[in-house]
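Note sheet for the following structure.
The values are calculated or read from the model by the stated rules, or taken from the named source; none is laboratory data. Please read these numbers as outputs of a predicted model, since none were measured by experiment. Here the Cβ positions follow ideal geometry from the backbone for every residue, glycine too, while neighbour counts run over all protein chains shown. Side chains included, ligands, DNA and RNA excluded: accessible areas come from the protein's heavy atoms. Shrake-Rupley method; radii C 1.70, N 1.55, O 1.52, S 1.80 Å.
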Amino acid sequence: MNKSRVEAFSDGVIAIAITIMVLELHTPDSASLDALLSLAPQMLSYLLSFIYVGIYWLNHHHLFSMTDRVDRSVLLANLNLLFWLSLIPFVTEWIAGHHRDSLPVASYGVVLLMCSVSFLWLKLTLRDAVKDHPLAATAIGNSRKNKWSILLYGMAIASSFWLPLGASLLYVILALLWFIPDRRFSKLLQN
């Protein structure tokens, strides 16, 4: 299958996830600064989730720039990733209203963990799909950062039952780590 259909479908799902998240933001009850500040947890949750969805969208774009065609295994891995990304608006809304409670913070982490596992699966299936193109397979790489992220998400989920705000801080740190661009993609795209 041509990759453009997969990319278009994925872009649509990601755009809908972002739209749902922003529609869950509500205006303050009054025109006071206190009313606006009371929405800080919702705004920060939205910002973090927007960054995560944006990072996945950008990395998804980079991955699919490595190939022209996709097979069934790539389609399944991509659908799995989209499923978990589509749950981000739900857990974002939950953690926004309960950012000090263990279960919502852990649930947010579970969704982020599963997004990371799903992205790793997608990377590995794409790497197999482009194995005849060594430069592309090398650019997709060994997924070390992805594997470390999975471990750190697991630690954050476990810690959310004792330190929910500490777990949330770890989610922020992981987002910042993924915000650092991968130079392998840039080098390959320049060639």
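Can we say L87 is in contact (Cβ under 8 Å) with a residue 60 or more places away in the chain and within 15 Å of A17 (Cα to Cα)?
So L87 fails the test.
Within segment 112-131, residues that are free of Cβ contacts under 8 Å to residues at least 24 places away in the same chain have Cβ atoms under 8 Å from residues that are assigned to a helix (DSSP H, G or I) and open to solvent by 10 Å² or more (accessible area, probe 1.4 Å) in these pairs: R127/A137; K131/A137, counting only partners at least 6 apart in sequence or on another chain.
Residues in segment 160-173 that are small (G, A, S) and within 12 Å of S107 (Cα to Cα): S160, A167, S168.
When you scan segment 1-54, how many residues do you find that are charged (D, E, K, R) and in contact with a Lys or Arg (Cβ under 9 Å, 6 or more places away or on another chain)? Result for segment 1-54: 1.
Considering the conditions (1) surrounded by 18 or more Cβ atoms within 10 Å (Cβ to Cβ); (2) farther than 21 Å from N80 by Cβ; (3) aliphatic (A, V, I, L, M); (4) at pLDDT 95 or above, L169 is excluded by exactly one of them, (1).
Picking from I18, I95, which residue would you name as being under 19 Å from L152 (Cβ atoms), of a type outside the set (S, T, N, Q) and open to solvent by less than 50 Å² (accessible area, probe 1.4 Å)? Matching residue, one of I18, I95: I95. Would you be able to say whether some residue in segment 129-151 is open to solvent by 20 Å² or more (accessible area, probe 1.4 Å) and either under 19 Å from S49 (Cβ atoms) or at pLDDT 95 or above (or both)? So far as segment 129-151 goes, yes, one or more of its residues are open to solvent by 20 Å² or more (accessible area, probe 1.4 Å) and either under 19 Å from S49 (Cβ atoms) or at pLDDT 95 or above (or both).
With respect to S49, is the statement that it is surrounded by 13 or more Cβ atoms within 10 Å (Cβ to Cβ), of a type in the set (S, T, N, Q) and either farther than 20 Å from L152 by Cα or within 19 Å of the chain's Cα centre (by Cα) (or both) true? Step through it out loud before you land on a result.
Numbers: surrounded by 13 or more Cβ atoms within 10 Å (Cβ to Cβ): yes; of a type in the set (S, T, N, Q): yes; either farther than 20 Å from L152 by Cα or within 19 Å of the chain's Cα centre (by Cα) (or both): yes.
Yes.
Right, L44: within 18 Å of the chain's Cα centre (by Cα), farther than 20 Å from V91 by Cβ and of a type in the set (A, V, I, L, M) or not? The answer is no for L44.
Can you find even one residue in segment 26-35 that is within 28 Å of M155 (Cβ to Cβ), modelled with pLDDT under 95 and not polar (S, T, N, Q)? First the steps, then the outcome.
Start the filter on segment 26-35 by keeping residues that are within 28 Å of M155 (Cβ to Cβ), which leaves none.
No, segment 26-35 contains no residue that is within 28 Å of M155 (Cβ to Cβ), modelled with pLDDT under 95 and not polar (S, T, N, Q).
Taken over segment 61-78, the criterion of being modelled with pLDDT of 95 or more and under 15 Å from I14 (Cα atoms) is satisfied by N78 alone. The helices (runs of 4 or more DSSP H) located wholly in segment 1-102 that include 3 or more residues which are within 26 Å of D128 (Cβ to Cβ) occupy 3-23, 40-64, 72-86.
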